[in-house]
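These notes are about the structure you will find just below.
The values are calculated or read from the model by the stated rules, or taken from the named source; none is laboratory data. From a predicted model like this one, the values you see are computed outputs, not experimental measurements. Neighbour counts run over all protein chains shown; Cβ positions are idealised from the backbone, glycine included.
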Amino acid sequence: MKAAELLRQGVSQSEVARRMGVHRQSVIRWARQLAQSGRTGLRKAGRAGRKPRLSAAQLKQIEQALKRGPETLGYASGLWTAGRVRELIEHQYGVRYHEAHVWRILRRLGWSCQRPTGRALERDEKAIRYWKRVRWPQLKKKRSARGAPSSSSTKAG
């Protein structure tokens, strides 16, 4: 709308492009639209880029399938990978995506990349706490006292 106002004031298209920080071709397109349908025609600009291949309802259904877990689709582990989600989307809707785009879809749905902790079932938490509190401090090297001679060859004697 600011560009339309500048064009109405008689500012050149090149100057409008410079002031707005856009390509001159965009300003030419806006000026043409402004001449054809006025300011209201500019407001009706459509979305840029390709139309999405999945609707909002389909994305919601995909999210529900993700919440049910990959085991419901026959996978042995409970981990979702980009490849598995890609297969889910292709199986349900016949739409193929690259795995990098699948991550974009997952982020849009509020999902993030998480890794399992991978802790052993035999893990003894009590023994680990003891080792951290008692044994490790005994093994750790103590700092040498101040003024003790340095073994560093770069330090002046």
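In this structure, is Ile28 β-branched (Val, Ile, Thr) and more than 30 Å from Arg84 (Cβ to Cβ)? Explain how you work it out, then say what you get.
Numbers: β-branched (Val, Ile, Thr): yes; more than 30 Å from Arg84 (Cβ to Cβ): yes.
Yes.
Ala65 passes all but one of (1) surrounded by 14 or more Cβ atoms within 10 Å (Cβ to Cβ); (2) of a type in the set (A, V, I, L, M, F, W, C); (3) at pLDDT below 90; which number fails?
(3)
Hey, among the residues in region 79-97 that are touching a Leu at 6+ places or on another chain (Cβ under 9 Å) and not aromatic (Phe, Trp, Tyr), which one's nearest to Pro52 (Cα to Cα)?
Checking each candidate, the answer is Val95.
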